[in-house]
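No lab work stands behind these numbers, since they all come straight from the coordinates. Please read these numbers as outputs of a predicted model, since none were measured by experiment. In this analysis, Cβ positions are derived from the backbone assuming ideal geometry, glycine residues included, and neighbour counts consider all displayed protein chains.
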Amino acid sequence: MPRFAANVSMLFTEVPFPERFAAAAAAGFRAVEFLFPYDEDVAAIDAGLRTNGLTQVLFNLPAGDFAAGDRGIANDPARVDEFRAGVERAIEIAVRIGCPKLNCLVGLALPSVPLDAQWGTVETNLAFAADRAAAAGICQVVEPLNPFDAPGFLLASPSQGFDLVERIAHPNLSLQYDLYHAQRTEGNLADTIASRKPVIGHVQIADSPDRHQPGTGEIAWPFVFRALDEAGYDDWVSLEYRPLGPTEDSLGWLRDWGYWR
């Protein structure tokens, strides 16, 4: 049976960020993730995790100016030093709060840079990140984003993501398989889980097409969760959806379908 974590950047937004750890624990979660810690009080995050008995399962490497539209910098040959400094900062925080995984968003395609140069930069940067993370005992993953939510994103499908990971062939690099992004692009979730499980390093979920909680869209979740179990995936499955209604109300599927008592 899957173990579910709450993404507190998207869930429990009814309360300020520092209070979401307590809210997640009170709702029944034992693990959380968030997008970015870099503008937050890391000491307060650490305290929120410890006080509430929570495991932090993942957060993203610095991705440039996210509010201004950046979606990563790993493909930009002019920002390699910035990327590497961001890796070191992310590892420092991950070690402090006991986070075992870091995710990379590679960035939007750059019209002024040849595609082969962008992919070469991504591969070099991801190999660097995977090396540095491994030295700290942290797993490195990379995530495709669908072109509807992230127009122009360079890594735009799971197939591209799996191919990238296999090209780099680093023992500490795998794919973050976000089932929402996967359904929006290629579907075929259960078969992909079965055939690609060794390359899947993390799983996130939201229903498609509107990115709300399971049961509000087209994905047959009990079937997909069984596929994860049958493939032997026993790590966290993170809820990265926009709740339709209050967060607490959006969690009813966990009990209705027998995942939580």
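Ranked for footprinting exposure by Cβ neighbours inside 10 Å, fewest first, Val165, Val95 give Val95, Val165.
Taking the charge dipole of the chain about its Cα centre, with +1 at Lys and Arg Cβ atoms and -1 at Asp and Glu Cβ atoms, the residue from Val106, Thr51, Thr13 reaching farthest to the positive side is Thr51.
Among the DSSP helices (H) of the chain, those spanning at least 24 angstrom by Cα along their long axis with an average Kyte-Doolittle hydropathy of -1.0 or more are 80-97, 115-135; this is a geometric and hydropathy rule only.
Measuring r between the beta carbons of Asp70 and Arg167 and using R0 = 30 Å, the FRET efficiency lands at 0.80.
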